[in-house]
Amino acid sequence: MGDIYNILITGVGGQGVIMLGNILREYGLKVPFIKNVVGTETRGVSQREGSVIASTRYLIESKIYSLEENYETEDLISPLIPLNDAHLVLGLEPLETIRHIKYISEKTVVVLNTHQKYPRNVIIGSKKEKKYPSIGYIIDLLDQLARRTISLNFNELSKIKLDDSIYANIILLGVGMREFREIFNKKVIYNLLIDKFGNNSKNLNAFEIGYNLINDL
Amino acid sequence: MSGNEAFARGIYESGVRYSANYPGTPLSEVGDYLKFLSETSYSFTFDYALNEKVALESCIGASWTGVRTVVMFKHLGLNVAADPLHTFPYSGVNGGMLILCGGDPGILSSTNAQDNRLYSLHTKIPIIEPATVQECKDYIKKGLRFSELYDIPIYLHVTTRLCHSYGIVTYGEIEPPKERGFFEKDPNRYINTRGRALINQKKYFEKIGQVAKNNKIFHLFNFIKAKKEPEKFEIPNDNRIGILTSGSSYSYVVQACQKLEINPPILKLGLIFPINREEICHFANQYNLNTLLVVEELEPFIETFSKSVFCNYCNAKRDLTIHGKDNLPNIGELNTEIVIRFLTQHIKIKSTPLIEEINRKEELLKEILPILPIREPTFCSGCQYRPVFYALKKTVKKLSNQLGIDFIYGGDIGCYTLSEAYPYQMLDWVICMGAGIGIANGIAQVVSEKQKLIAFIGDSTFFHTGIQALLNAIKNNTDIMVIIFNNYWTSMTGQQEHIATPREIIKKFGNKSTTDSKGIDLINLLESIGLDKSNLIISGAYNIEALERIFSSNLIKSGIRVIVINEECALEKKRRLRKQSDNKEQNKQERIYYTLTDSCTKCNECIEYLGCPAINAEYVQKEEMINNSTQGKQCLKYYIDENACIPDICPGICKSVCKNNSIKKTLINPNFQKKSV
């Protein structure tokens, strides 16, 4: 018997959505209390600057982390998260995060990168083109719906701390994992990052920064 | 692993000797894994065939010699392979043979959503469909054994969602493949002329009849999921409901039942065709059902068959009503919410908060989603197609203003289909592979001189089904300007090799050389098929001025003209070159990038008309003096993203279109200090 725990990653092609999805799935295989892992991602023509999402679902032993429902291993087969059922949303881009608001409810913790990536058609398109909603509106909406919303410009943080904005996704992952410490064993995830990026990678620093961020603030 | 990896693993475990494929979403990756396997294993052969028909035919041949084969392509590919598909089952197979075919009900990466299960109405080929990633692997072995039991091909139906899903897979035993096959002559069986075909057809139909009655096969692929034994099943009189489903829909049904906290008996079909009448009736009788709900994507395939079962063969269950597509959509993918709604229409359920919750959320979505801007996909940064479309658009604009000519663009399947999107918008139709030149053939022969035809096609598509259309245009000397993008790879599906990929750059996965062919040189081929020298122009992609000259002299000519853009896919070239210089450690190298200087006047030439995704814009807070007080103002700033720009491949197209000379080459050293060069 166990509980189902759902993580959704949203973003734009090239931001590392697929990579974060891979890390989360690999993590699910590494720890003994996660009994089953499924997931899916949208791909195809959406890759170049298009909208991308990845979902990961864990079946966790009830003792470890108590959520409201109980399931058998065979019950977790659908890779799609049901409506309102995400527990953690890693939003790499604000617009893409509210595009997938379907999954966000009072059980959700949202970690949002407020760095906006404007669609080209918005920047130089005609007047008829829909406007990019204001960041205030997006955060308000998430605040209304989610249990907790952590929003920050992770690109800027990454640029300041690590000289390059490309580590924003791993910092964000660190923040998200800290929020669910019961599930994410820091040591295991750290070793996984070493396997993936090597011993000296700045990604390790990025993860540390993210993991300790809430403490530091 | 993903569904696609599981298929490849299944093929590895089942002792498959030969496999062929033409890449296509959602199954492209399976071919990539098998290519790797063929270069590391001595007794496995894999082929990227020219098209799906060739792939299917070569697998039929291999199977006739007694070895196991799997052929795979996307649902649309089955149309190309439909000719042999309808006849070869009469002759049957010897080694087990699977036709692994990926459907795309949500049209995520295709041109239609056709339900390939309907092919079995006239081919009678049995269909199996997995529902989980584990089953993706298991069904390969099960399917091959099934195929060998009756000497018939088996169709393995799968959809995008499952191919791109991930799950835990338990490995099975590895059977080594049979090293060599032997073709045993049997004219009565393999020559399907009139009298013989009739006899073979009868034999084949009899086999399918046997499959439908085989209870062992039924239980090998199908199972009933119910929380309780039939005898103990608590059934309120008005709520005797069972569910019939298969594939991805099964996972949605399981999830919907969890959410609704109900446990109706579910018959999960893995073998969709032919339907075992006896077993289906048994299911209905066992649970004493009065309603059967059929949950499936697209067409009412299972529904139609189960209705016919209960109308004609199952006397005891005359009172059974069957619901399916009367309440479920036959367009698009299903999901848990759609299934929840469907179930609550027929099952009386106490708890309604869930439905209210869904309704509330859907109302919110209706309010929010329409105001969000969409993101249109575009070519990669530095892509070699971009300067071509840029130059073509400029030239066409000039010529149509001068001469009043209307240019028409025939589109095809490949990356160049993205010319449809912002900012080029040069595409008038996309139907299927090869239809760019094909349809242009007809238009060009009947329109007035004021309408001129341009047709785009890529190299892989050209060899797939474009070559016939071009030959036809050459035969009639039709007024079409054909642009062939020779980028050396089947790029859109993940840079697979094809017949005209230069042999020296072909990707090496393992040590075993799988080909000693020289391949075909596209230019040599074109020179030999009746195009005279003045009508066959070969050009690179990155010189915009040269391209404009070529286009302006060729656009208004009459007769067939072919322009070959000879430039490797920028993305693949980047990966290839970086792999070669991997050891030199990228980060420590100084690299040259293009950067925007302050003299930029935001004329939008680069960002709006060229549209390279490396050139970007962001809003910055800028302080301005207005009426003697400092005020913050939102201001658009353009910049070139260093992580996206690929200066080692693209020689700076943005620099050549910039009218103000604001784009400069910049040297960046590892400490991210910049200096102009």
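The values are calculated or read from the model by the stated rules, or taken from the named source; none is laboratory data. Because the structure is predicted, anything quoted here is derived from the model rather than measured. Heads up, the Cβs are rebuilt from the backbone with ideal geometry, glycines too, and the neighbour counts pull from every protein chain shown.
Restricting attention to the range B:458-470, does a residue exist that is among the small types (Gly, Ala, Ser) and touching a residue at least 60 places away in the same chain (Cβ under 8 Å)?
No, there is no match, as no residue in the range B:458-470 is among the small types (Gly, Ala, Ser) and touching a residue at least 60 places away in the same chain (Cβ under 8 Å).
From (1) within 22 Å of the chain's Cα centre (by Cα); (2) part of a helix (DSSP H, G or I), pick out the condition that doesn't hold for B:GLY24.
(2)
For a quick check of your reading: which helices (runs of 4 or more DSSP H) sit entirely within the range B:128-213 and have at least 3 residues that are under 19 Å from B:ALA8 (Cα atoms)?
Here the list reads B:133-150, B:160-163.
Being charged (D, E, K, R), within 12 Å of chain A (Cβ to nearest Cβ) and assigned to a helix (DSSP H, G or I), is that true of even one residue in the range B:337-345?
Yes.
What residue, of B:LEU108, B:LEU56, is modelled with pLDDT of 95 or more and within 30 Å of B:GLY332 (Cβ to Cβ)?
Within the list B:LEU108, B:LEU56, the selection yields B:LEU56.
Which members of the range B:346-363 meet the condition of being within 7 Å of chain A (Cβ to nearest Cβ) and without any contact (Cβ under 8 Å) to a residue 12 or more places away in the chain?
Passing the criteria: B:GLU357, B:LYS361.
Please work out which residue is nearest to B:PRO176 (Cα to Cα), limiting yourself to the range B:38-63 and to residues that are in contact with a strand residue (DSSP E or B) (Cβ under 7 Å, 6 or more places away or on another chain) and assigned to a helix (DSSP H, G or I).
Here the answer is B:SER38.
Scan the range A:164-179 residue by residue and report those that are at pLDDT below 90 and of a type in the set (A, V, I, L, M, F, W, C).
Selection gives A:ILE166 alone.
Can you name every one of the helices (runs of 4 or more DSSP H) wholly within the range A:99-191 that holds 2 or more residues which are in contact (Cβ under 8 Å) with a residue 40 or more places away in the chain?
Because the criterion is at least 2 residues that are in contact (Cβ under 8 Å) with a residue 40 or more places away in the chain, the helices (runs of 4 or more DSSP H) in the range A:99-191 that meet it are A:135-145, A:154-162, A:168-179.
If you scan the range B:267-304, which residues turn out to be without any contact (Cβ under 8 Å) to a residue 40 or more places away in the chain and surrounded by fewer than 20 Cβ atoms within 10 Å (Cβ to Cβ)?
B:CYS281, B:HIS282, B:ASN285, B:PRO300, B:THR304
May I ask you to list the residues in the range B:63-92 that are under 22 Å from B:LEU198 (Cα atoms) and under 15 Å from the mean Cα position of the chain (by Cα)?
Of everything in the range B:63-92, nothing turns out to be under 22 Å from B:LEU198 (Cα atoms) and under 15 Å from the mean Cα position of the chain (by Cα).
Does B:PRO89 meet the test of being surrounded by 19 or more Cβ atoms within 10 Å (Cβ to Cβ), away from every other protein chain (no Cβ under 14 Å), part of a helix (DSSP H, G or I) and modelled with pLDDT of 95 or more?
yes
Test B:GLY66 against the criterion of being assigned to a loop (DSSP other than H, G, I, E, B), modelled with pLDDT of 95 or more and either over 29 Å from B:SER251 (Cβ atoms) or within 14 Å of another protein chain (Cβ to nearest Cβ) (or both), and give yes or no.
Yes, satisfied.
Kindly list the number of the only condition in (1) more than 20 Å from the chain's Cα centre (by Cα); (2) of a type in the set (Asp, Glu); (3) at pLDDT 80 or above; (4) within 21 Å of A:TYR103 (Cα to Cα) that fails for A:GLU69.
With (1) more than 20 Å from the chain's Cα centre (by Cα); (2) of a type in the set (Asp, Glu); (3) at pLDDT 80 or above; (4) within 21 Å of A:TYR103 (Cα to Cα) applied to A:GLU69, the lone miss is (3).
Could you please find all residues in the range B:424-460 being surrounded by fewer than 22 Cβ atoms within 10 Å (Cβ to Cβ), more than 22 Å from the chain's Cα centre (by Cα) and in a loop (DSSP other than H, G, I, E, B)?
Within the range B:424-460, B:GLN425, B:MET426, B:VAL447, B:SER448, B:GLU449, B:LYS450 qualify.
Does A:ASN200 satisfy the criteria of being more than 20 Å from A:ALA86 (Cβ to Cβ) and assigned to a loop (DSSP other than H, G, I, E, B)?
yes
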